[in-house]
Amino acid sequence: MKNPVASSSSPATTLSALPSLLSLTTSSLLLLLLPGTTTMSVARAGWIDEDTPQRLRTTTSLVDGSTYRLVMSDEFNVPGRTFEDGHDPAWTALDKSDDDYSASGGGSLHFYNSTMISTTPDGMLTIRSVLEDTEWTHYSAVDRKYKQERKHFKSGMLQGWNKFCFTGGIVEVDVILPGEPDIGGLWPAIWLLGNLGRATYEVSTNNLWPWSYDVCDREKQESQVISACNRAEHFGLNAMQGRGATEIDVLELMAGEAGVLPSTYPPISLPYVDMTLQVAPGIPDNRPQSGSQPVRTIDHTHSGYATSQAQSWYDNLTVAGNTSLNPFFYGTYLGETKPNEPVTRNKKQAFQADAVGAMKQIVPEHFKTPHTFRVEWQPGRGGRIDWFTKSHKKVDPVTGEVSHVEGDGLGQDWEHSLSIPDSALEAAMGSKIPEEPSYIILNTAISSTWAFPYNVPDWCPKCYDCYDPKCACSFNPGFCNMMKTGKVSMKIDSVRVYQSADDSAHSGRPHSLGCDPLDFPTREYIKGFEYKYMRNPPFVLNDKRPLRDVKDGGGTCVVDEDCGGVSGGGEDAEEEVLDLDDDGRDKRGEDQVGGVNAIVESARAANDAVHRKLGAGSDGRDADFAPKKDTKAGPNDDPTAGLDKPITSDESLEDDAGDTRVPSKSNLARKPKGRCVSATLGLFGSPTSTGMQCKCNEGYTGPHCLSIDKYDDEPGAYELKRVSSLFSGRAAPYLTTTHIFIGGALMGAFLVALVVDISRKSRNRDRMMEMKPLRT
């Protein structure tokens with residue numbers, strides 16, 4: 001997070017800073033005038049991509065009908081972007097093994113490699129999954145010896161941890177799903193995780209995931225690391241506040257051979273996507289059985305004795321369209337750990353986590369063209385989470401009944417697939433809709449527990465090497481051949497986040513931006529436990545902190561185009577600016593006046609409109625979505641008769657804005673992002689192989705200047721709590737080679753003068769000693 005004074009350029013901030021500027025001492029003013037001293041930046045990108053068209057910078061909530069403003073977007077239109085740690089201000093691609101080995105039997109088969117993720121000329125973020133070995137050696141504390149490890153698959157995970165976080169709002173993602181619809185084995189996901197936990201860093205999420213519980217319960221205190229029973233305010237946390245690393249799954253793909261799955265209503269077949277809220281504490285007893293819908297009614301014999309028992313599960317859930325409650329996964333029991341696991345839990349720390357969600361039918365077209373998935377999240381007490389997908393609206397000409405049909409998967413009518421109200425969580429276990437500052441994760445995993453053969457023959461060795469014929473029985477038919485093509489990838493066309501500027505327009509708590517909000521701080525806790533968020537040997541390399549500083553240029557180049565420049569570019573080159581109008585076309589002429597500053601100002605306006613708001617929210621619920629019981633269908637006709645149906649299933653939710661996809665603009669003129677200049681010689685010569693390196697223009701960053709310099713320009717809990725002084729917002733000087741030369745020369749002159757003075761005094765002392773006997 002940047003200093004709020006140094007990064008802000010609003011008139012209000014400038015005026016408020018005048019008293020401090022007027023009271024600066026002479027030495028402070030001299031520092032401001034020194035050459036090389038940093039000054040306030042005029043470029044302020046916020047989190048909004050300059051390629052996002054104006055027509056997509058607002059959206060209308062499909063739940064409350066109010067207007068939401070864009071607060072973050074990434075169109076991925078600039079080809080060649082890389083996301084290795086330190087390459088991008090908003091995203092980080094992992095370089096580590098996904099050690100998802102747990103007492104529940106999970107086992108990841110892939111190694112996350114940052115080279116698997118990049119932006120391509122088609123204007124897409126591409127996450128590749130390939131068949132390629134990764135080997136390393138690590139020390140086993142259990143066996144007390146070094147062991148050789150190997151994984152046969154490489155894939156990618158992109159996460160915004162501790163960079164861009166938000167609480168509440170609307171998330172929209174346009175995605176092409178990877179692989180083939182009839183071949184299971186890939187586990188692509190788009191999800192949100194609370195910033196207190198870093199995905200795949202098991203130590204950081206242990207007994208924090210997926211707690212959303214703010215009640216002091218002594219029996220659960222040891223299972224929840226940050227419990228509401230904790231009175232101390234250690235690491236900047238608020239006393240008596242239960243916290244966790246909450247999870248909201250926008251989608252998780254389950255592919256495989258088509259066929260109607262049992263206990264789904266309406267009938268669902270592969271492929272489908274899961275839409276899930278992971279929450280703890282979970283329901284401990286009388287849970288639904290995997291493979292069947294929750295039992296809502298009780299049958300009796302003729303004599304009046306009950307033959308069954310109603311099962312405990314969450315009420316007032318709503319589904320619509322080709323969506324069914326997921327009867328195959330109701331959650332995870334995180335029990336006592338085994339010696340070889342990366343984390344430890346004892347019996348008192350074991351707990352049940354629930355997966356409250358539904359499965360949405362998709363079609364092969366989802367694997368060929370981008371489709372939009374949307375989540376509306378109203379955080380905290382009185383809040384709710386709603387999932388939306390797009391399909392075709394079909395109206396019965398006789399009855400007028402409205403239904404949603406996937407067909408070719410190109411439908412543009414919003415379907416309200418799933419809704420989870422806070423009242424359902426509160427009534428079941430006292431948990432609540434997540435209100436943790438959360439970040440976005442995009443990844444494709446490969447796990448033996450997801451879409452792999454369920455009933456493996458006893459004679460099968462259960463190995464996972466596609467090049468070993470003995471392992472063929474462990475894979476689905478066609479999986480290895482699909483992976484050998486090298487063409488498996490998930491493509492993201494855009495990611496956009498919207499928030500409401502009117503707290504009274506939606507239920508739940510106010511929306512906010514930032515990873516360290518005052519009500520839910522995270523920065524000091526992460527700082528205090530940095531080791532939990534860092535890689536283990538041998539992957540630590542030169543890591544000193546969980547995240548590296550973003551490089552401001554320095555990448556190897558030959559011509560300006562390697563640095564996001566233009567042909568024949570230079571300091572005096574004409575800067576053509578891409579400006580997208582409401583039709584998504586390149587707009588020239590008067591509307592282009594102001595260049596990129598107009599785009600930046602628009603982004604600033606959007607961000608200012610949804611500035612961080614702290615305080616209590618409304619506990620009211622949307623009357624239009626109040627639970628309504630289906631009284632027509634009997635228990636024998638509908639196995640989910642006790643499940644509420646939303647009113648939105650009776651009429652289409654149309655998308656007034658039309659198609660949200662933005663065509664790639666990589667072939668159009670843009671403002672030069674950087675230039676290729678002569679590299680600064682270091683102690684061991686040129687830092688690049690060509691003797692040239694990228695130098696970024698203002699507003700852009702990364703080794704090759706291909707990323708917009710996005711940042712959080714609002715103060716967080718750490719800044720707000722920190723005691724500030726008169727000079728805390730003063731611009732800080734930095735050293736250049738000129739400063740070092742002058743300083744070295746002055747120091748050298750001082751040392752020479754000191755030696756001369758000491759020598760002179762020594763000679764005088766010797767002369768006095770020689771004259772002393774003569775006087776005697």
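The values are calculated or read from the model by the stated rules, or taken from the named source; none is laboratory data. If you're wondering where the values come from, they're calculated on a predicted model, not measured in any experiment. Here Cβ is always computed from backbone atoms with ideal geometry, including for glycine, and neighbour counts include all displayed protein chains.
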### Summary
Those residues of region 541-568 which are over 15 Å from C696 (Cα atoms) and of a type outside the set (G, A, S) amount to L541, N542, D543, K544, R545, P546, L547, R548, D549
### Task
Quickly run through region 292-313 and pick out the residues that are at pLDDT below 85 and under 23 Å from A424 (Cβ atoms).
R296, T297, I298, S308, Q309, A310
### Task
Answer with yes or no whether I283 is surrounded by 13 or more Cβ atoms within 10 Å (Cβ to Cβ), β-branched (V, I, T) and part of a loop (DSSP other than H, G, I, E, B).
yes
#### Entry: Any strands (runs of 3 or more DSSP E) falling wholly within region 327-429 and containing at least 1 residues that are of a type in the set (F, W, Y), buried (at least 19 other Cβ atoms within 10 Å of the Cβ) and touching a Leu at 6+ places or on another chain (Cβ under 7 Å)
351-361, 371-378, 384-395, 413-421
### Task
Within region 508-541, work out how many residues are farther than 30 Å from S423 by Cα, touching a Ser or Thr at 6+ places or on another chain (Cβ under 8 Å) and crowded, with 17+ Cβ neighbours inside 10 Å.
2
### Query
Which residues, taken from region 203-216, are touching a helix residue (DSSP H, G or I) at 6+ places or on another chain (Cβ under 9 Å) and either closer than 20 Å to G383 by Cβ or acidic (D, E) (or both)?
W211, S212, Y213
#### Entry: Positions within region 329-356 being without any contact (Cβ under 8 Å) to a residue 60 or more places away in the chain and either under 20 Å from L277 (Cβ atoms) or aliphatic (A, V, I, L, M) (or both), in sequence order
F329, Y330, G331
### Query
Which residues, counting only those in region 691-723, are at pLDDT 90 or above, of a type in the set (D, E) and under 20 Å from the mean Cα position of the chain (by Cα)?
D709
### Message
What's the number of the only condition in (1) over 29 Å from L196 (Cα atoms); (2) over 27 Å from the mean Cα position of the chain (by Cα); (3) modelled with pLDDT of 95 or more that N316 fails to meet?
### Response
(3)
### Query
Inside region 68-84, can you point out the residues that are surrounded by fewer than 21 Cβ atoms within 10 Å (Cβ to Cβ) and either acidic (D, E) or without any contact (Cβ under 8 Å) to a residue 40 or more places away in the chain (or both)?
E84
### Residue count for region 393-446, restricted to those that are at pLDDT below 95 and acidic (D, E)
6
#### Entry: Candidate set from region 435-466 (those that are touching a residue at least 40 places away in the same chain (Cβ under 8 Å) and among the aromatic types (F, W, Y)); member that is nearest to T522 (Cα to Cα)
Y439
### Hey, G123 farther than 20 Å from R198 by Cβ and in contact with a Pro (Cβ under 6 Å, 6 or more places away or on another chain) or not
no
### Query
In this structure, does S762 turn out to be polar (S, T, N, Q) and either at pLDDT 80 or above or in contact with a helix residue (DSSP H, G or I) (Cβ under 7 Å, 6 or more places away or on another chain) (or both)?
yes
### Task
May I ask you to list the residues in region 43-99 that are in a loop (DSSP other than H, G, I, E, B) and polar (S, T, N, Q)?
T52, S61, S66, N77
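Show me the strands (runs of 3 or more DSSP E) entirely contained within region 128-243 in which 2 or more residues are more than 26 Å from I446 (Cβ to Cβ) and touching a residue at least 60 places away in the same chain (Cβ under 8 Å). First the steps, then the outcome.
On the way: elements: 130-140, 145-155, 157-159, 169-176, 187-194.
Per the criteria, 169-176.
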### Task
Can you confirm whether region 477-499 contains a residue that is acidic (D, E) and either in contact with a helix residue (DSSP H, G or I) (Cβ under 9 Å, 6 or more places away or on another chain) or surrounded by 14 or more Cβ atoms within 10 Å (Cβ to Cβ) (or both)?
yes
### Task
Go through (1) touching a strand residue (DSSP E or B) at 6+ places or on another chain (Cβ under 7 Å); (2) farther than 24 Å from D214 by Cβ and name the single condition T399 misses.
(1)
### Number of the exception - T444 against (1) farther than 24 Å from D95 by Cα; (2) touching a helix residue (DSSP H, G or I) at 6+ places or on another chain (Cβ under 9 Å); (3) crowded, with 23+ Cβ neighbours inside 10 Å
(1)
## Note on the structure
Of the residues in region 483-507, those that are more than 22 Å from the chain's Cα centre (by Cα) and either farther than 24 Å from P421 by Cβ or assigned to a strand (DSSP E or B) (or both) come to M483, K484, T485, G486, K487, V488
